[in-house]
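> Here it is, the structure in full.
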Amino acid sequence: MKQTTLVHPSAFCWNPRCPDYGKLKLGNIRRFGRTQAGTQRYQCRTCNGTFVETIGTVFYGRHHCQEIIIECLALLAERNSLAAIHRVKGVKEETVVAWLRLAAQHVECIEAILLANYRLTRAQLDALWIYVGHKGEKGGARKRTSAAPSGVA
Ligand SMILES: [Zn+2]
């Protein structure tokens, strides 16, 4: 059985360059005030990096809960077909693809969540991004609209 409880974003460091990136229960994360918008901010004691509860905003307004979304992405990373995910999770294929596209715009955030919650390998994660034509694009705050694929190789 799959574990269904999603690890909270505050449970690990989100900084990919941090030695404790994505590792759980190290006690390296502490609350670190709030942003101007009132979002809880956290700090990693290992790298002194700060972050907010990003995962909540990535899938904000989606009709499925974050756990289902992340689980479907993990299934996809484990080489399950969209048809299989539909059978197992009851989520339409185009819905999963839409989530994946959204996730690809927040690669670091989603990878941190997947690494913390599932035993996925680097290769599996890379394959996930290749799936949507984002070859592991890092640190991309780059806006991407499907209507104007300018310069996308
Ligand atoms: Zn850190």
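The values are calculated or read from the model by the stated rules, or taken from the named source; none is laboratory data. Just so we're clear, the structure is a prediction, and the values are computed from it rather than from any experiment. Counting neighbours? That spans all protein chains shown, and the Cβs are built from the backbone with ideal geometry, glycine included. Note: areas computed on protein heavy atoms with side chains; ligands, DNA, RNA excluded. Shrake-Rupley method; radii C 1.70, N 1.55, O 1.52, S 1.80 Å.
> What number goes with the only condition from (1) under 21 Å from the mean Cα position of the chain (by Cα); (2) within 14 Å of the ligand (Cβ to nearest atom) that Gln40 does not pass?
Only one criterion is unmet by Gln40, namely (2).
> Confirm whether Cys18 is at pLDDT 80 or above, open to solvent by less than 90 Å² (accessible area, probe 1.4 Å), hydrophobic (A, V, I, L, M, F, W, C) and under 20 Å from Arg119 (Cα atoms).
In short, yes.
> Could you tell me whether Val7 is away from the ligand (no atom under 13 Å from the Cβ), over 11 Å from the mean Cα position of the chain (by Cα) and either open to solvent by less than 70 Å² (accessible area, probe 1.4 Å) or under 20 Å from Ile130 (Cβ atoms) (or both)?
yes
> Also: Quick check on region 39-60. Is at least one of its residues surrounded by fewer than 16 Cβ atoms within 10 Å (Cβ to Cβ), over 27 Å from Gly133 (Cα atoms) and charged (D, E, K, R)?
There is at least one residue in region 39-60 that is surrounded by fewer than 16 Cβ atoms within 10 Å (Cβ to Cβ), over 27 Å from Gly133 (Cα atoms) and charged (D, E, K, R).
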